[in-house]
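Have a look at the structure below, then the notes.
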Amino acid sequence: MTNPAFEPDTAPLEILPRDLSAYRQGNTGIPYVHRFDSGKPGPHVLINAITHGNEICGMVAATHLLDTGVRPRIGTLTVSFAHVEAYEAFDIDRPYDNRQLVHNLNRIWSAAMLDGPEDSPELRRAREMRPVLDAADFVLDIHSTRAPVQPFWVYNEMDRNTALASAVGAPQVHLVMPQDKFPGTGVMGYGRHGDPASDSGGALVVECGQHFARSAAELATDVTLRFLTHLGLIDQPADAAPPPAPQRYRLLEVHMVKSEDFRFTRPVIGFETFDKGELIAINGAEEIRSPVDHCTIFMPTRMPIVGREAVYLTQAI
């Protein structure tokens, strides 16, 4: 698909997929899922990579844990590669096309979808991985973005998630998602992880930067180690810096692509701001306008596909 309103991405492909076949067997009976129990009381922490097939940084962080023999001193550590089928569909000439095969794996974690009649590679994998999410107390789901924007946390708006992201530290920016605004149900919203009545644990997404940037892979690894350190599974690095003061944005609206001629009114990559009433995009017969002053956009689509997300509208908290 081509759209003259959108320029092709020119970001360099610094980090590319590697063969993951050596990690298939795991030790849980679920392909590409590895679990290490310390035998001592403590939290069960899940580090989840490749929820989307072209988000390479999570693979780097997960393989770092496995290749360097990281083991928990308390509790349990699980390391998973979620969507290897999409990951293996990578084409260097079309490096954005293997984000998903049918469904977005980060939108289908509701009982209605998982127990429903539909079928797809993503639904089959999510159903296979349900016990992995059920067992975890804390979840770090590692993602990246199509554009080289500053990294940020994403989490459902709950005190336990806010406290967890703030304690782990960088990235400084937090995208806070009210329960009724998130499109579909993500990994971080599955089961008790998305239940406001649950009084323990926490589930975060970290967006580490551009998909194929070396800096995104380095940040993914650093965040993973700091996440495990905060929860007590590994020792605190001697040179750990104090966490930065968070800069939070609350999601106001999510707009879906309704027309193939969807277009923004100016070139955007994310974090651009708009005044109240200012026209942000044309979506077929619909105008998308800023609902507030200083509206900041997140994750604008790189190529509009009808039925997929177009742009997130937020406001600084």
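Listed by chain and number, the lysines whose alpha-carbon sits under 19 Å from that of Lys258, ignoring those within fewer than 8 places in the same chain, are Lys181. Distance from the C-alpha centroid of region 298-317 to that of region 194-232: 22 Å, rounded to the whole angstrom.
Computed from Cα positions, the angle between helix 159-168 and the longest principal axis of the chain comes to roughly 70 degrees. Bridges between two residues of the chain, per DSSP, are antiparallel at a rate of about 50%.
The eigenvalues of the Cα gyration tensor, multiplied by 5 and square-rooted, give region 249-316 an equivalent ellipsoid with semi-axes of 18, 12, 10 Å from largest to smallest. Principal-axis analysis of the Cα atoms of the chain puts helix 56-67 at an angle of about 0° to the longest axis.
No lab work stands behind these numbers, since they all come straight from the coordinates. Note that the structure is predicted; figures quoted are calculated from it, not measured.
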